[in-house]
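None of the figures in this text is laboratory data; all of them are computed from the coordinates on show. Just so it is clear, the model here is predicted, and its values are computed rather than measured. Methodologically, a virtual Cβ is constructed for each residue, glycine included, from the backbone with ideal geometry; neighbour enumeration extends over all protein chains shown.
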């Protein structure tokens, strides 16, 4: 466990908490402000720091893995040649093999922390919508986005700027839900839709009041079309239409990930990542990646 002092200079870069955040009160009492794997209450933490109060974070997890994954992202970002990016992907192959074989043990925080550091870039407007209305929803999206960029690298998407767009597009999709101040009860209905307990939102459901978004959410869970349109729009920098062929397997990968990530009770500290990865890779959309990582013959 590492102890990190949180101050006004590093508060911004520690929005996602890799460890438990504590307030060391002047009385000597130590108070837990936010647990590991969640987001810091930025405004409250800043108020405390402005008053010269002491905050510290007890970093948790597999630090060697986090450092290795961060280094892989740095290599992709700073590579001068494509061969260097391919070599970085091969390093990711190796650590995923070790996860699947349980040679190394990690939790979801170990994946999210380096991805958040490398790719997160939400506008303050969208970020505030999430933080003020439903930060749990943002936590789910960050987890999905982290899995998505790792699998995108496996699929051969090695342009850093594109991967950053992939990550942040995922976060932007559901901010409309947060803006509508969706509650835990609404998320439970989305969870029923995700696991197949209901096929469509009935006129008796809470989601029915979000008529437009209900259609979007249904489409997103079924085939990822909302994500496809958002990503095409975000990556279209020249005013030209971007062909879905350019994104290849990306939407299939997202679909497989979405099917395994709950809308409720997402505790990154409690997720067994090796088991989750196996379940994701069982989906027919991404079976070939399981075979590649496991060194099986791909038909």
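When peptides 169-178, 22-31 are ranked by their average number of other Cβ atoms within 10 Å per residue, the highest-first order is 169-178, 22-31.
Each peptide in 96-104, 130-138, 252-260 gets a packing score, the mean of other Cβ atoms within 10 Å over its residues, and the list from highest to lowest is 252-260, 130-138, 96-104. Centre-to-centre, using Cα atoms only, the range 174-188 and the range 1-59 are separated by 27 Å.
Using 0.36 nm per residue of separation minus the Cα-Cα distance, give me the extension gain between residue 199 and residue 74 in nm, one decimal. Full-extension gain reported as 40.8 nm. In this calculation the C-beta distance from residue 25 to residue 180 is compared with R0 = 41 Å, giving a FRET efficiency of 0.65. Packing order of peptides 271-278, 35-42, 122-129, 3-10, highest average first: 35-42, 271-278, 122-129, 3-10 (average count of other Cβ atoms within 10 Å over each peptide's residues). Where a ≥ b ≥ c are the square roots of the eigenvalues of the C-alpha gyration tensor, would you call the range 2-59 rounded, which needs a/c under 1.5, or, failing that, prolate if a/b is larger than b/c, or oblate? Oblate, because a/c is 1.5 or more while a/b does not exceed b/c. Mean sequence separation of contacting Cα pairs (under 8 Å, at least six apart), scaled by the length of the range 2-59, corresponds to a relative contact order of 50 percent.
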